[in-house]
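Below is one structure, written out as structure tokens; comments come after it.
Each value in this text was obtained by applying a stated rule to the coordinates, not by laboratory testing. Remember, predicted model here, so these are calculated numbers, not experimental data. Heads up, the Cβs are rebuilt from the backbone with ideal geometry, glycines too, and the neighbour counts pull from every protein chain shown.
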Amino acid sequence: MKIMKKAITLVFILAVSAALAACGGGNGTQMDAQALANELMEEVEFVDELSPVKSEMVPKLYGIDNAQEAYVYMGSGATAEEVAVFKFSDEQAAKDGLSKIQDYLSARKDSFANYIPEEVSRLDNAVIKQSGEYLALCVSEGSAAGEIISRYMGN
């Protein structure tokens, strides 16, 4: 009888462990931020040539200084095209980052409205997604960026 109880308990523990593993153990979304940035750079068609932004420039651009990881690429300024993918310590930090990205995009729209007005529509159609501790931004033409980001971060 004792062996039967132990076997049932063991099966129960294994089932609970498997269920927790399947849903990520409650830790939220897990993804590779660098892989997402790389795929956006490789698969999205950009008019401008995007280059990596130095890490010390990221807080100056976006006001985000608490990201654990940041992969940022920008063009020459002739277009508004860019890619930015961040990993934060937790979901609240990512939500705060989302607010800063939205403020940044608003300022970019104002700037481009006077500089290169055609780029404002690209900024209006920017793909911005926050999921768990991750945040992604892609300013480009077409739907490829949205599809890639959704594949990594869900709908």
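Quick look at the values:
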item: Three semi-axes of the equivalent ellipsoid, the stretch 31-153, Cα gyration tensor, whole Å, largest first; result: 21, 16, 13
item: Ascending count of other beta-carbon atoms within 10 Å, so fewest first, for Glu42, Glu119, Glu147; result: Glu42, Glu147, Glu119
item: Rounded Å value of the spacing that divides the Cα centres of the stretch 98-137 and the stretch 30-90; result: 13 Å
item: Segment Asp90-Glu42, length gained on full extension (0.36 nm per residue, minus Cα span); result: 14.5 nm
item: Among 101-114, 60-73, 80-93, the order from most to least packed when residues are scored by Cβ within 10 Å on average; result: 80-93, 60-73, 101-114
